[in-house]
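Reviewing the structure listed below.
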C-alpha cells in the first residue's frame, strides 16, 4: 500500500494520473462533441499521412439464383463446396471466409445415400461406402487455404462457450 502511495509522490504524477483518468472517463462516456473531434482528427490524419494503398481486393463468391439453377438446390454436396473452395484457392486469396454453417450431415454423401437406400445390392452399398467422404474432402480443401468458418451459437447458454468438460447435446459424447 505504501508503495502505491509512493508512486503518486513526485512532481506532476498526481496531475498525470488525474489527466489519464479524465481522458478515460471521456472515452467511456463518449459525448457527441468528443466523437466528432475524434472522427475529424482521424480524417485529418488520413489526409496528411494517407495509408499505403494495398493491391488486396475483396471478392465475394455468392451462391445466387443462377448458381442454384446451374448446380441444384442448396445445400450442395460437400464435394461440390470443396471444389468451389479449391477453385477460389487457385486465386491465392489471403483468406477464404465461408458464411455457411454445416451443422447437419451431408445427406448427399455416398455413405449417407447408401444408408438411406437400405434396399441397395450389397456390392453397390460397399462401393458407395468406399468413396471418399464429402466432409473429409471439404476439410482437405479448406486446409489448403487459410479459412474462416461461420459459427452458430448453441441454444443452451452453457453450451455457447466451448468447454471440453461439458459436452453438449448433439455434440460427440454429448448428453
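The values are calculated or read from the model by the stated rules, or taken from the named source; none is laboratory data. Since the model is a prediction, treat every value here as computed from it, not as a measurement. Note that we place each Cβ from the backbone using ideal geometry, even for glycine, and neighbour counts take in every protein chain shown.
Annotations for the structure displayed:
- Criterion (without any contact (Cβ under 8 Å) to a residue 12 or more places away in the chain, touching a helix residue (DSSP H, G or I) at 6+ places or on another chain (Cβ under 8 Å) and in the same structural domain as residue 153 (by TED's automatic domain parsing)) met by exactly one of 139, 125: 125
- The set of residues in region 92-119 that are in contact with a helix residue (DSSP H, G or I) (Cβ under 6 Å, 6 or more places away or on another chain) and over 18 Å from residue 73 (Cβ atoms) comprises 96, 110, 111, 114.
- Against the conditions (1) over 27 Å from the mean Cα position of the chain (by Cα); (2) without any contact (Cβ under 8 Å) to a residue 12 or more places away in the chain, residue 74 satisfies every one except (1).
- Some residue of region 153-173 being modelled with pLDDT of 85 or more and more than 30 Å from residue 95 (Cβ to Cβ): no
- Qualifying residue in region 96-114 (condition: in a helix (DSSP H, G or I), within 21 Å of the chain's Cα centre (by Cα) and buried (at least 17 other Cβ atoms within 10 Å of the Cβ)): no
- Selection of region 142-156 for residues being without any contact (Cβ under 8 Å) to a residue 40 or more places away in the chain and surrounded by fewer than 15 Cβ atoms within 10 Å (Cβ to Cβ) yields 143, 153, 155, 156.
- Residue count for region 44-65, restricted to those that are loosely packed, with under 10 Cβ neighbours inside 10 Å and over 24 Å from residue 93 (Cα atoms): 5
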